[in-house]
Amino acid sequence: MPNLLRFGVSLEKKLLNEFDTLIKRKSYPNRSEAFRDLIRQELVKEEWQAGAEVVGAITLVYDHHKRELVNKLTDIQHDFQGTIISTQHIHLDHDNCLELIAVKGPAADISKLADTLKSVKGVKHGTLSMSSTGKGLK
Ligand code: NI
């Protein structure tokens, strides 16, 4: 593989054992792949902290019978239409809906949108999955 460099890492035996147990539980094929993922995770965290352009997924679970809530969620999403790439609505059962909102833009805008949606009264659960455009990652 081009540009593939090897380097040594010194670890206490106990820490290495814990790392091996962790990567086995998470189904990594080897230490190198697990290590790459840990590095990428930190780089993505840096992207978010630096306010870079990032991507993410917001999930919301709510009761659609609460009409004011549905209108409010729609109003908020229209205010952030430049940030929202796509929205998927899934009817979970008679009462509950799952909304998946794919977002791309400055980290601060995405965090603001996620916080605003999650804090609407009646939203049962909301999450923000913070990811990367992938441009800065190998
Ligand atoms: Ni629904």
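The values are calculated or read from the model by the stated rules, or taken from the named source; none is laboratory data. Predicted, not measured: the structure shown is a model, and the values here were computed from it. Note that each Cβ is placed from the backbone with ideal geometry, even for glycine, and that neighbours are counted across all protein chains shown. Side chains included, ligands, DNA and RNA excluded: accessible areas come from the protein's heavy atoms. Shrake-Rupley method; radii C 1.70, N 1.55, O 1.52, S 1.80 Å.
Observations, loosely collected:
- Test: residue in the range 70-77 that is open to solvent by 100 Å² or more (accessible area, probe 1.4 Å) and within 16 Å of the ligand (Cβ to nearest atom): yes
- Note on the range 1-16: residues that are more than 29 Å from the chain's Cα centre (by Cα) and assigned to a helix (DSSP H, G or I) total 2.
- Filter result (part of a helix (DSSP H, G or I), surrounded by 12 or more Cβ atoms within 10 Å (Cβ to Cβ) and over 15 Å from the mean Cα position of the chain (by Cα)) within the range 40-69: LEU69
- Applying the criterion of being within 16 Å of the ligand (Cβ to nearest atom) and hydrophobic (A, V, I, L, M, F, W, C) to the residues of the range 82-110, the residue that is farthest from SER132 (Cα to Cα) is LEU92.
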